[in-house]
Every structure is written in structure tokens, then in C-alpha cells.
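To start, the structure under review is shown below, and the notes come after it.
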Amino acid sequence: PLSPAAVVGAGLGGSAAAYFLQQHFGPQVQLDVYEAAGVGGRLATVTVNKQQYESRGASIHALSLHMQDFVKILGLKHRREVAGKSAIFSGEHFVLEETDWYLLNLFRLWWHYGISFLRLQMWVEEVMEKFMRIYKYQAHGYAFSSLEELLRSLGGEAFVNMTQRSVAESLLEVGVTQRFVDDVIAAVLRSSYGQSVLVPAFAGAMLLAGAQGSTWAVEGGNKLVCSGLLKLTKANVISARVTGISLHSSEGRALYQVHYESPEGQGSAFYDMVVVTTPLHPTRSNFTFENFDPPIADFPGAFQPSVTSVVHGYLNSSYFGFPDPKLFPFTSILTTDTPDLFFHAMDNICPVNISAAFRRKQPQEAAVWRVLSQQPLDKHQLKTLFRSYYSVQVTEWQTYPRYDAAKALPPIVLHENLFYLSGVEWVASSMEMIAVAAKNVALLAYNRWHQELEKIDQKDLMHKVKTEL
């Protein structure tokens, strides 16, 4: 039996990994979860006027089956949707405005961009349909020892290639026009990844699926999923920063010594198995691996800096061409890739607890806006977007991989029973991708521990799963 196991990080990846490890290995496995900052990781909230607001990763796609499951198991609720309209701004004018009436929107997109819009939808649907196979594979206990193998089992070499070429290239190839890519696709990528259409096609497809499907969020804040899963697994959460892992062996078996720094000082503990869910990039963590032969290689690639400013204030609607703020119709503004534009997106956000009586502030009232940008906004930039404001709360993150920099995907298996989860973000970064990776790591760990090798990297899974059903 597996005795103690450690999970490094208590964001969504760590919480989900702890939950799935316990599901597969059984309740007797002792789980220590190390977290330096706070449970929930990037799913953090900020408080304005005694109300909490999501500062990041706010929406979850309707097809996110693991996230849906977590919410059900934990007895959480979907947050009430508050309707709003969005538009794409070029720095001078709106290139695309959404209207109240859904059919008219489609007509507008169709009118502006012709068949491009349809081709985009067909391309995204085809990718999603193949991606959804992962749930069937995981339900049957199949796991993958590398991100490439996982992608191959879902969509063959084509999926692996989609991590190596840009979304722009892939869309132009299926007949989407350059204009549609520049106006619409660029704006969607900027509003979340904060990057251009050079993002890899797979990461782009997953993001675009979220942009055109229905999405939801957790009542009370998405981070409740993390604290809920950890409570459910009765994991032992240790407030400490892990500084490194060294390899020892006992009776021919690998033992991992996890070294950490906590407010009480330095410490270490031994484990049969470790799952690392914090990014192992030199820019993000100074994490050392000792006694490994061959040594664990450095992780290439960099992270994209991004800044969230939560501003409580009065929108300067005249900057957007609406001198009368009462007439400003949008709650969400995306932007095209224009050199002088200093922000990526901004939206009028609702608190994480939405009462039945809640209504969105009118554009002429003071509201809470979330502005995403690459650099912190200076006084002049804030004054451009807001006539006046009461408060500004700035969070600087290194949230997403700098996608244009990466060539190879990071490994999942670092050593016999030492696994790495965050590498999945180089394929695509979303809450559901992280949950899928957590389930894969737990299954992989279980199958390797019990020598069930026929359940790992199995070829032609579509056929196998069909015959098993």
C-alpha cells in the first residue's frame, strides 16, 4: 500500500490531485499538501466595499465535466448569471458590438465576416469533440505518461502539431479570413491569455471554445472548489514553501525527501510519492532536485506577466465615443492588438455572491471594473479609462506560459513516483485542463504503483473503449 504522499501547491491542480489520489488509492493514503501563499492559488478574490470579487480565472465552460463534478460533490452552486453585452475596441472605434438579440449578433458576425465565423465554429467543435474523449478514457482508468501521448490518443499527430503552430496559421488554413483573425480572434486571446494570435492552435481552440459556449462560475468564488476538495480528502495542509526534493532509497524503493521553509523555520519529510503542481520554471520558483541520476533537467520557457487592476470608479465613457455615460451599453470591452492600447480587456464585474436583488450598476454610476493589462496602469492611463475612482487594487501575476517561446512540452514523470502537473498549461491553460491533468496524474501514479502497465499509453484507445462498453 502507498503510505504518505505529498502534493506541492494547493491551487486547483493540487486540490484536485489530492482528491483524485485519494479516490484511486483509497482513504488510507496520508496526504500532505504544501502551500506557501493561500489555498486556491490563482483563483483569488479581492474585496471592495465588503464585497468579494474574482481577481482572475472567472468563467468555467459548460463542458467542463470534472469542474461540474466537483461542484456537485461539494454541494456548491452555480453563480447566477447577470447578462451584459460585450464589444471589441480598436483604440479608436468599436470594430464589433454585441446587441441584445442573439440572432442579430450572429447576423452581425455573418454580415461583417461572412463564412469565417462558421468556419471558426466548425474548427473549434471538431477539436472539442475529440478532446471530450478524455473523460471516457479516464472513466476506464487509462492514463498517459506524457502530454504528447495524451494528445495523440485524443486527436493523433494533428493534436500534437497544434501545440507547435499558431492559432492564426491553423485558422487561415481552414479558410478563416485575416480580418476575422485580427478583429475577433486577437481580442479573445488578449482578453484572457494576454497574448497575440501566435498562441499555439490547441491553447487557442480551448480558449475559443469557452468564448463561444455557455460558461458559469461558482457562487461564493471559484476558490471554494479548492478548499472544499482539500476538506473532503481530509488532507493535511502545511503552510510552507517547498524549496527542493532529494532522492533517497529504502529497500530498493525510491523515497523522496521534501525540504520546506515555514514560519517556524526549515523542515523536511519523507514520502513514497510526490506530485508537484507549482510551475517549475526558474523564473517562478527556485526549486532544487538533489541526488537524481540522471539529473532532472531545467524547464525551458517563460511566463507572461499580467496585471489585474480592480477599480471602483466612474467609467470615462467619452474615451470610448459615448459622451453621455447613460448611453454606454457595454459591460465588457475586449481590445484588438493595437500598439498604443495599454490594456487588454476590461469588464464591469459582479461580486462572487449575487443576491436575487442584485442588479448591475448603470454606466453613469460608480461600478467595480476589472482591467487586464501587461504593465501596471499609471495615473494617466487610469484617468483615461475612469473619470474618477475611489480605489484601485492591483495584482501582478505570471499567470500564463509565454506561448510563443515554447518548443517542447514539459514532462509529466520526473522520476519513478515523482510527477509534475503544471506542464499541462503549455498545452492549454484553463481550470478544466488542470482538472483533467490532475485526474491523469492520479491514474498514472496508481497504474505505475500497481504495475498495471496496460492502462498506460495504450494505443488505439477509441477502439478499446468501444469494445469495453
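The values are calculated or read from the model by the stated rules, or taken from the named source; none is laboratory data. Only a predicted model underlies this, so the values are computations on that prediction, with no experimental measurement involved. A quick note on method: Cβ atoms are made from the backbone with ideal geometry, for glycine too, and the neighbour counts reach across all protein chains shown. Remember, those area values only see protein heavy atoms, side chains included, never the ligands or the DNA or RNA. Shrake-Rupley method; radii C 1.70, N 1.55, O 1.52, S 1.80 Å.
Considering only alpha-carbon pairs that sit under 8 angstrom and 6 or more positions apart, the relative contact order computed for the chain is 26 percent.
Computed over the alpha-carbon pairs of the range 236-346, the distance histogram in 10 Å steps reads 10, 27, 19, 13, 17, 11, 4, 0 percent, short to long.
Counting only Cα atoms, the range 147-237 measures 51, 31, 21 Å along its principal axes, largest extent leading. Reported value for the range 246-300: 96 Å³ per residue, from the convex hull of its C-alpha atoms. With semi-axes defined as the square roots of five times the eigenvalues of the C-alpha gyration tensor, the equivalent ellipsoid of the range 1-105 measures 38, 18, 13 Å, largest first.
Taking only the alpha carbons of the range 328-381, we obtain Rg and Dmax values of 13.4, 42 Å in that order. For Lys223, the aspartates and glutamates whose Cα falls under 12 Å of its own Cα, not counting residues fewer than eight places away in the same chain, are Glu54. Here's the picture: charge each Lys and Arg Cβ at +1 and each Asp and Glu Cβ at -1 in the chain, and of His93, Trp397, Val181 the one pushed furthest to the positive end of that dipole is His93. Volume per residue of the convex hull around the Cα atoms, evaluated for the range 69-215, comes out as 143 Å³.
Probe of 1.4 angstrom, ligands and nucleic acids ignored: what's the accessible area per residue over the chain, in square angstrom?
Working: 20690 Å² over 469 residues.
Each residue of the chain exposes 44 Å² on average to a 1.4 Å probe.
Measure nothing fancy, just the Cα-based angle from helix 201-212's long axis to the longest principal axis of the chain, in degrees from 0 to 90, nearest 10. Helix 201-212 and the main axis of the chain meet at about 50 degrees. All alpha carbon pair distances within the range 43-94 were sorted into 5 Å bins beginning at 0; the resulting P(r) in whole percents reads 4, 12, 14, 22, 18, 14, 8, 4, 2, 0. Here the chain is treated as a Stokes sphere of Kirkwood radius computed over C-alpha pairs; at 37 °C and 0.692 mPa s its diffusion coefficient rounds to 140 µm²/s.
Across the accessible surface of the range 1-160, with the other protein chains kept in place and a 1.4 Å probe, carbon and sulfur atoms take up 55 percent.
Residue-normalised convex hull volume from the C-alpha trace of the range 180-285: 200 Å³ per residue. If you fit an axis through the alpha-carbon atoms of helix 12-25 and take the longest principal axis of the Cα set of the chain, what angle between them do you get, 0 to 90°, nearest 10? The answer is roughly 40 degrees. Extent of the range 341-469 along its three principal axes (Cα atoms, max minus min coordinate, largest first): 63, 40, 25 Å. Angle of helix 116-131 to the longest C-alpha principal axis of the chain, folded into 0 to 90 degrees and rounded to 10: 20°.
When peptides 329-339, 314-324 are ranked by their average number of other Cβ atoms within 10 Å per residue, the highest-first order is 329-339, 314-324.
Where does the chain land at 222 nm, in deg cm²/dmol rounded to the nearest 500, when only DSSP H runs of n ≥ 4 count, each adding -39500 (n - 2.57), divided by all residues? Present the calculation step by step, with values, prior to reporting the outcome.
Values: 13 runs with 143 residues, N = 469.
Computed mean residue ellipticity for the chain: -9000 deg cm²/dmol.
Only Lys, Arg, Asp and Glu count, each charged at its Cβ (+1, +1, -1, -1), so figure out the dipole size of the range 315-469 about its Cα centre, rounded to 20 debye. Here the range 315-469 has a charge dipole of around 480 debye. Suppose every Lys and Arg Cβ carries +1 and every Asp and Glu Cβ carries -1, with no other charges. What dipole size does the chain come out with about its Cα centre, to the nearest 20 debye? For the chain, the charge dipole is close to 1260 debye.
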